1. Add +1 for every Lys or Arg and -1 for every Asp or Glu among the other residues with Cβ under 12 Å from the Cβ of residue 76, and state the total.
2. Kindly rank 169-181, 201-213, 37-49, 224-236 from highest to lowest mean number of other beta carbons found within 10 Å of each residue.
3. When only DSSP loop residues count, what trypsin sites (Lys or Arg not before Pro) in the stretch 281-350 have their Cβ near at most 15 other Cβ atoms within 10 Å?
4. Could you sort 338-346, 76-84 so that the peptide with the highest average Cβ count within 10 Å comes first and the rest follow in order?
5. Return the label of the correct value of Kirkwood radius over Cα pairs in Å, as calculated from the structure shown, out of [x] 23.5; [y] 21.5; [z] 20.9.
6. State the Cα centre-to-centre distance between the stretch 303-348 and the stretch 140-218 in whole Å.
7. Quick one: if you take sqrt(5λ) for each eigenvalue of the C-alpha gyration tensor of the stretch 277-365, what semi-axes come out, biggest first, whole angstrom?
8. Lys and Arg at +1, Asp and Glu at -1: add these up for the other residues within a Cβ distance under 14 Å of residue 180 and post the number.
Amino acid sequence: MAGIAAASLVLTGCSSSEDTTTGEAADVAGAQAVADQYEAAPTDLVLTTPLSKAPDEGKYVISIETPQPISSAKNDAIQQAADVLGWRYQRVLMGTDAEAAPKAMDQAIALNPDAIHISGTPLTMLTKQIASAEAAGIPVVADSIAGEPVPGVISTALDGDAQVQEWGKMVASQVVADSNGEANVAIFSITDYSILNVFTDAFTEQLASQCPDCKVQLVNQQVTDLGTKTPQSVVSTLQRDPTINYAVFSFGDLVLGVDAALRGASLQDQVTFAGQTPTPDNLQSLKDGDNSVWVGFPVQILGWRVLDTLARQFNGDDLAEADAAFMPTQLLNKDNIETAVLDEDTGYYVGVADYQDQFKTLWKK
C-alpha cells in the first residue's frame with residue numbers, strides 16, 4: 001500500500017490456516033485464463049472522463065506523509081502534478097508513535113489548506129480531525145484505506161476496496177496456475193491495517209474458489225518488524241512446514257531482508273514470492289531472474305489520481321466515474337518484466353509511459 005501508518009499492532013507470528021481437504025479438482029485452466037488477462041502492459045489510465053473545465057490555479061494541498069519510501073515516491077508525483085495545475089503543495093511528515101497520525105492531521109488543519117490528503121491511516125484513528133477539517137471547509141481525500149468515505153472525506157476509492165480485491169484475485173489466480181493447483185501458501189501481512197486485510201481476504205477466497213485443496217495460512221507481523229523480525233518469521237514458518245511453496249506478501253516492503261535470511265537458512269529454493277505493491281528491489285529481483293509474481297502498483301499514477309480527484313471536487317464535477325476507474329496494472333513476472341514500464345528515477349512500476357500527457361488531456365492543460 002502507498003502508506004502504512006504507525007499504530008499499536010498485535011503480536012508478531014500469530015497465524016491462521018485454511019487447509020481443509022475436499023478432493024475437488026483445481027481449476028488450473030480457469031486460473032490461468034484470469035492471469036492471462038493481466039499479462040500485457042496497460043496502454044491508458046483506465047480513467048477517461050475529462051474534467052468539465054481546467055481547474056483554477058492557486059489551490060493549496062497538504063499530504064500527511066507516512067514514513068515509508070513508497071509514500072515519499074507517491075508524494076513526489078503529487079508535487080509534479082501540482083506544478084502542472086499551478087497549485088501549492090506541502091507535506092506534513094508523520095512520526096511513528098501511536099498518536100502520530102492525529103498530531104500530523106492537527107498540524108495540517110492549522111495551516112488552513114484547501115484540501116488534505118491522507119494515505120493508509122484508518123479513518124477511525126482520525127475521527128476528531130476529520131470532523132474538524134469538515135467544520136473548517138477542508139475536504140479530505142484518502143487513498144489506500146478500506147471502507148466507504150465518512151462525512152468530511154470525499155473519496156476512499158483510490159487503492160481502495162474494489163481495486164485491492166482485484167489485486168488479491170489476480171495474485172491468487174497466478175499462484176494456482178503456476179503451482180498447477182498444488183499451492184501451500186503462507187501469507188505475511190499486518191492485520192491491523194484493514195486495507196491489507198482486503199487483499200489477503202480476496203486472495204484467500206479466490207484461492208479457495210479455484211483450488212479447494214490448496215492450503216493457506218496467515219502469519220501476522222508488526223510494522224516495526226519490517227527488515228528486523230519479519231525475515232526470521234518467514235524462516236520459522238517455512239521450517240515448521242517444509243511443504244509451503246509460496247510466500248505471499250501483502251506489500252513489497254515486507255520482503256526487506258527476507259532473501260538473505262532464507263539463504264542463511266538454506267531455504268531460498270523452497271518458496272516462490274508473490275504479492276502486491278512491489279518495491280524497486282522486488283522488481284529488480286524479477287529482472288535478475290527471480291521466479292516471483294507481483295501486481296504492478298503504479299505509484300506515480302496514484303499520486304496524479306489524488307490531485308485529479310481534488311480537481312474534480314473543486315470544479316464541482318461528479319466523482320462517481322473517476323472513483324469507479326481502477327488504476328492501470330498488470331501481473332509482473334520474469335517473462336514480462338523487461339518490457340514493463342518502470343520509472344527511470346525511482347524504479348517503481350508505472351505501466352503507462354505517457355501517463356502525464358494523458359492526465360494533462362483530461363485536465364485540459
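1. The answer is -2.
2. Working: 169-181: 23.8, 201-213: 20.5, 37-49: 15.8, 224-236: 18.6.
Peptide ranking by packing, descending: 169-181, 201-213, 224-236, 37-49.
3. When the trypsin sites (Lys or Arg not before Pro) of the stretch 281-350 are filtered for loop state and at most 15 Cβ neighbours within 10 Å, 334 remain.
4. The most tightly packed comes first, giving 76-84, 338-346.
5. Answer label, from the structure shown: [z].
6. Here the answer is 18 Å between Cα centres.
7. Equivalent-ellipsoid dimensions as semi-axes: 30, 12, 10 Å.
8. -4
Computed from the coordinates by the stated procedures, all read-outs in this text should not be read as laboratory data. Computed from a predicted structure; not experimentally measured. As a convention, Cβ positions derive from the backbone with ideal geometry for all residues, glycine included, and neighbour counts pool all protein chains shown.
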